[in-house]
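Undergrad: Before we start, here is the structure in question, set down as structure tokens.
The values are calculated or read from the model by the stated rules, or taken from the named source; none is laboratory data. Because the structure is predicted, anything quoted here is derived from the model rather than measured. Cβ placement follows ideal geometry from the backbone for every residue including glycine, while neighbour counts extend to all protein chains displayed. Protein only, heavy atoms only, side chains kept; ligands, DNA and RNA dropped before computing areas. Shrake-Rupley method; radii C 1.70, N 1.55, O 1.52, S 1.80 Å.
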Amino acid sequence: MAYDKFTVLKSTAVPMPIENVDTDQIIPARFLKATSRVDFDKNLFRDWRYNNDDSPKADFVLNNPIYSGEILVGGRNFGSGSSREHAAWAIYDYGFRCVVSSFFADIFKGNALNIGILPVQVSEDFLHKIFTAIEADPKAELEVNLPAQTITILATGESESFAINGYKKNNMINGYDDIDYLQSMKAEIADFADKSLY
Amino acid sequence: MSALTSLFDKVWDAHVVRKIEDGPDVFLIDRHFIHEVTSPVAFLGLESRDLGVLFPNRTFATADHNTPTINQHLPVQDPLSANQLKALETNSAKYGISHWGLGHAKNGIVHVVGPENGISLPGMTIVCGDSHTSTHGAFGAIAFGIGTSEVEMVLSSQCIMQPKPKKMRVTINGKLGKAVTPKDVTLFIISKLSAAGATGYFCEYAGDVFENMSMEGRMTVCNMSIEMGARGGMIAPDETTFAYLKGREQTPKGEAWERALAYWKTLKTDEGTVFDIEYSYDAAEIEPQITYGTNPGLGTGISQNIPQAANVLDGAASYAKSLNYMGFAENEQIIGKPIDYVFLGSCTNGRIEDFRAFASIVKGRKKADNVTAWLVPGSHIVESQIKEEGILDILTEAGFALRQPGCSACLAMNDDKIPAGKYAVSTSNRNFEGRQGPGARTLLASPLVAAAAAVTGKVTDPREFL
Ligand code: SF4
């Protein structure tokens, strides 16, 4: 499924200063029963977002109208646990294009990049600054500049650069994915597979 | 002299089709497992791009996550689950993929049936849209979980693209104490490194503890590698590996076996190879383990008290949230905590050795009245072994019933959910909030600890019984 191109994103952000946010919280297993990619955003953070009777939990950040935006800012070790890509779909389909954390779990990071979410890994210190800025002003904007590989807190001008490999960066900027790439080298793959032991 | 290389490098490098500068490696996948939950959208993707399956004989399908564990002969009640199971069957048939669905004699949890039928072999690259694919690393394979986009890549091109992870080695030497099982070894390592401690790494396990471990024990250890954040874990193949594999349904036979064996014997880390990071522990440090928090890194020796926030790697706020969810407090003793449920099963501990261990404690005793126990074999083959070895009689005698194979309460996607607020001693791999059902409280432990809890109705040191 193709995704929208990503270059520079200027947006307010939703703060979630919780560590080890695992993919079972992002989307609980009981909502993984669809056979197509529909409605996962409705169950994003389901058990943190809603009570058992489906009424919203007032103290959860997604239910707080003062916070909004296309950037989700999470605590350390975001996306740990299950490999379910549904977690990334839920985040994307809800309207986030970028997740910021001081540390991402590997599989989540790969899934995010594959579907068009930019994971931006910042220092613990910078993450703290972002949370402080949002706390001071929920409408504080961040600017994520993919070509320049920087993230800036616009209110204070503080900025940090982030890492991404050239191949993935190019994909995100152009809205390409790995499947397109692999299709282009099918003959080479078939040759290689012919010689493989298994 | 060629450079020293690790087991991991040898297997990885042998599969690289193309290296992209400032990008990932494109590498070939030898075996691909699929199940009903993470594959349907990948098949839809194939259709929308008008792509086929490049090598259908390198992919194997089994239904496990959504399947009921009682009355499997009846139609699946939940229409959404039934729909996913049907989609797996239809997609497999359409593309010529072998499918071990519900009711098939070889059906079971993907990470149990792969090894048990000799599909997973040393030196392979193995993936599945499931994070516990790391299990197959026990055979000296590079095995790890992938997302649905990658499932689509493997189906359409037999390759995925990832940067090569860094290398970690965990060495444990010495002799394990009484009632200390492979599950305790892995929970111990994760508690030392934390739930994120190995992120970015692929882990090799070395030392005599792993050399002396059975294949099933090695699978338990590699299975949980993901719980410390590692991409996967692996153990060099040796005589134990070869003996386990010989004669299994899909292993090479005759001359092909000899050829494979000669290759497999080269699969070890050269002495003197430098890892990006190394840890080593003494087997004598490890006692039976149990978790008390909401990530697998929050575990400790069963005789210990729940640590103070200052002594865990998680931040204070997250730690407080975790203990609050569990209804526990710092400094409390874990032994003696009353429990409500016991779950024996999952791809971590749903194999025959796990049932033997469980039976060794419940034999001649009775299930505690306050405990609901779900004993769920990892596959039909395990289920038959339980019956043939007389373990079922021991379990029945002690007041337990056996369910049918599947993931069951490991992830609560099927009907087996632990009710809100209840405590479950579980042999599975994740104690996240709500993992075993909304509000469920999970204490991860070995089959021996689970058995001791099942007969006493509270957290109990299994050493008392052995
Ligand atoms: S048993 Fe649990 S961890 Fe293993 S494959 Fe099933 S759901 Fe995943």
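Undergrad: Check B:Val312, B:Val342, B:Val382 and return the single one that is modelled with pLDDT under 95 and either closer than 30 Å to B:Ala138 by Cβ or within 14 Å of the ligand (Cβ to nearest atom) (or both).
TA: Just one listed residue meets the conditions, B:Val312.
Undergrad: Still on this model: List pairs: first residue in segment B:421-437 and more than 19 Å from B:Val459 (Cβ to Cβ), second residue among the small types (Gly, Ala, Ser) and more than 11 Å from the ligand (Cβ to nearest atom) anywhere in the structure, Cβ distance under 8 angstrom, at least six positions apart or on different chains.
TA: Close Cβ pairs (under 8 Å, with a partner that is among the small types (Gly, Ala, Ser) and more than 11 Å from the ligand (Cβ to nearest atom)) amount to B:Gly434/B:Ala440; B:Gly437/B:Ala420.
Undergrad: Take B:Val371 and decide whether it is away from the ligand (no atom under 16 Å from the Cβ), β-branched (Val, Ile, Thr), open to solvent by less than 40 Å² (accessible area, probe 1.4 Å) and under 22 Å from B:Ala452 (Cα atoms). Don't jump to the end; show me each part of the working.
TA: Working: away from the ligand (no atom under 16 Å from the Cβ): yes; β-branched (Val, Ile, Thr): yes; open to solvent by less than 40 Å² (accessible area, probe 1.4 Å): yes; under 22 Å from B:Ala452 (Cα atoms): yes.
Here the answer is yes, as B:Val371 does meet what is asked.
Undergrad: Here's another thing I want to ask about it. Starting from residues that are within 19 Å of B:Val76 (Cβ to Cβ) and charged (D, E, K, R), keep the ones in segment A:27-56 and report whichever is farthest from the other protein chains (Cβ to nearest Cβ).
TA: A:Arg30
Undergrad: Let me ask another. Quick check on my filter: what residues within segment A:31-60 are within 16 Å of the ligand (Cβ to nearest atom) and either part of a loop (DSSP other than H, G, I, E, B) or in contact with a Gly (Cβ under 9 Å, 6 or more places away or on another chain) (or both)? I'd like the intermediate steps shown before the answer.
TA: Residues of segment A:31-60 within 16 Å of the ligand (Cβ to nearest atom): A:31-33.
Those that are within 16 Å of the ligand (Cβ to nearest atom) and either part of a loop (DSSP other than H, G, I, E, B) or in contact with a Gly (Cβ under 9 Å, 6 or more places away or on another chain) (or both): A:Leu32, A:Lys33.
Undergrad: Residues that are within 16 Å of the ligand (Cβ to nearest atom) and modelled with pLDDT of 95 or more: find the helices (runs of 4 or more DSSP H) completely inside segment B:33-132 holding 1 or more of those.
TA: By residue number, B:79-95, B:110-116.
Undergrad: Something else: For B:Glu353, are the conditions met, namely being open to solvent by 10 Å² or more (accessible area, probe 1.4 Å), within 30 Å of B:Ser379 (Cβ to Cβ) and either within 16 Å of the ligand (Cβ to nearest atom) or touching a residue at least 12 places away in the same chain (Cβ under 8 Å) (or both)?
TA: Here the answer is yes, as B:Glu353 does meet what is asked.
Undergrad: Please list, ordered by residue number, the strands (runs of 3 or more DSSP E) wholly in segment A:96-198 having 1 or more residues that are over 18 Å from the mean Cα position of the chain (by Cα) and surrounded by 21 or more Cβ atoms within 10 Å (Cβ to Cβ).
TA: Here the list is empty.
Undergrad: Moving on. For segment B:1-19, how many residues are among the aliphatic types (A, V, I, L, M) and closer than 17 Å to B:Gln158 by Cα?
TA: Residues that pass the stated criteria total 4.
Undergrad: May I ask you to verify whether B:Arg403 is open to solvent by 40 Å² or more (accessible area, probe 1.4 Å) and in contact with a helix residue (DSSP H, G or I) (Cβ under 6 Å, 6 or more places away or on another chain)? Reasoning before the result, please.
TA: Numbers: open to solvent by 40 Å² or more (accessible area, probe 1.4 Å): yes; in contact with a helix residue (DSSP H, G or I) (Cβ under 6 Å, 6 or more places away or on another chain): no.
Spelling it out, it is not the case that B:Arg403 is open to solvent by 40 Å² or more (accessible area, probe 1.4 Å) and in contact with a helix residue (DSSP H, G or I) (Cβ under 6 Å, 6 or more places away or on another chain).
Undergrad: Something else about it: Is it the case that some residue within segment B:308-331 is open to solvent by 60 Å² or more (accessible area, probe 1.4 Å) and under 20 Å from B:Thr456 (Cβ atoms)?
TA: Checking segment B:308-331: not a single residue is open to solvent by 60 Å² or more (accessible area, probe 1.4 Å) and under 20 Å from B:Thr456 (Cβ atoms).
Undergrad: Considering segment B:356-368 alone, what residues qualify as being aromatic (Phe, Trp, Tyr) and open to solvent by 10 Å² or more (accessible area, probe 1.4 Å)?
TA: none
Undergrad: Separate question: Restricting to segment B:412-427, give me the number of residues that are within 12 Å of chain A (Cβ to nearest Cβ) and either open to solvent by less than 10 Å² (accessible area, probe 1.4 Å) or basic (Lys, Arg) (or both).
TA: Here the count works out to 5.
Undergrad: Go through segment B:1-35 and count every residue that is within 12 Å of another protein chain (Cβ to nearest Cβ) and in contact with a strand residue (DSSP E or B) (Cβ under 8 Å, 6 or more places away or on another chain).
TA: 18
Undergrad: Also, I was wondering about something else. Give the residue that is farthest from the other protein chains (Cβ to nearest Cβ), with candidates limited to residues of segment A:61-84 that are within 28 Å of A:Thr7 (Cβ to Cβ) and outside any loop (DSSP other than H, G, I, E, B).
TA: Per the stated criteria, the residue is A:Ile71.
Undergrad: Right, another one. Could you tell me which residue of segment A:46-67 is nearest to B:Lys321 (Cα to Cα), considering only residues that are touching a residue at least 40 places away in the same chain (Cβ under 8 Å) and open to solvent by less than 50 Å² (accessible area, probe 1.4 Å)? Working first, answer last.
TA: Within segment A:46-67, the subset touching a residue at least 40 places away in the same chain (Cβ under 8 Å) is A:61-62, A:66-67.
Still in the running and open to solvent by less than 50 Å² (accessible area, probe 1.4 Å): A:61-62.
Working: A:Val61: 16, A:Leu62: 18 Å.
Going through the qualifying residues, I end up with A:Val61.
Undergrad: Continuing with the same structure: Please list, ordered by first then second residue, the pairs with beta carbon atoms under 9 Å, 6 or more apart or interchain, first in segment B:46-65 and more than 11 Å from chain A (Cβ to nearest Cβ), second acidic (Asp, Glu) and open to solvent by 40 Å² or more (accessible area, probe 1.4 Å).
TA: From residues that are more than 11 Å from chain A (Cβ to nearest Cβ), the pairs are B:Ala61/B:Glu89; B:Ala63/B:Glu89.
Undergrad: Would you mind finding the one in B:Lys164, B:Lys183, B:Lys178 that is under 30 Å from B:Gly272 (Cβ atoms) and basic (Lys, Arg)? Let's see the steps before the verdict.
TA: Working: B:Lys183 fails: under 30 Å from B:Gly272 (Cβ atoms); B:Lys178 fails: under 30 Å from B:Gly272 (Cβ atoms).
Step by step, each of B:Lys164, B:Lys183, B:Lys178 is checked, and only B:Lys164 is under 30 Å from B:Gly272 (Cβ atoms) and basic (Lys, Arg).
Undergrad: Within segment B:374-390, restricting attention to residues that are touching a helix residue (DSSP H, G or I) at 6+ places or on another chain (Cβ under 7 Å) and open to solvent by 10 Å² or more (accessible area, probe 1.4 Å), which residue is nearest to B:Gly118 (Cα to Cα)?
TA: B:Ile381
Undergrad: If you go through segment B:414-424 one residue at a time, do you hit one that is modelled with pLDDT of 95 or more, among the basic types (Lys, Arg), within 12 Å of the ligand (Cβ to nearest atom) and part of a loop (DSSP other than H, G, I, E, B)?
TA: No: zero hits.
Undergrad: Another question, if that's okay. Please go through segment A:165-198 and pick out each residue that is more than 10 Å from chain B (Cβ to nearest Cβ), touching a residue at least 40 places away in the same chain (Cβ under 8 Å) and not polar (S, T, N, Q).
TA: Of everything in segment A:165-198, those that are more than 10 Å from chain B (Cβ to nearest Cβ), touching a residue at least 40 places away in the same chain (Cβ under 8 Å) and not polar (S, T, N, Q) turn out to be A:Met172, A:Ile173, A:Gly175.
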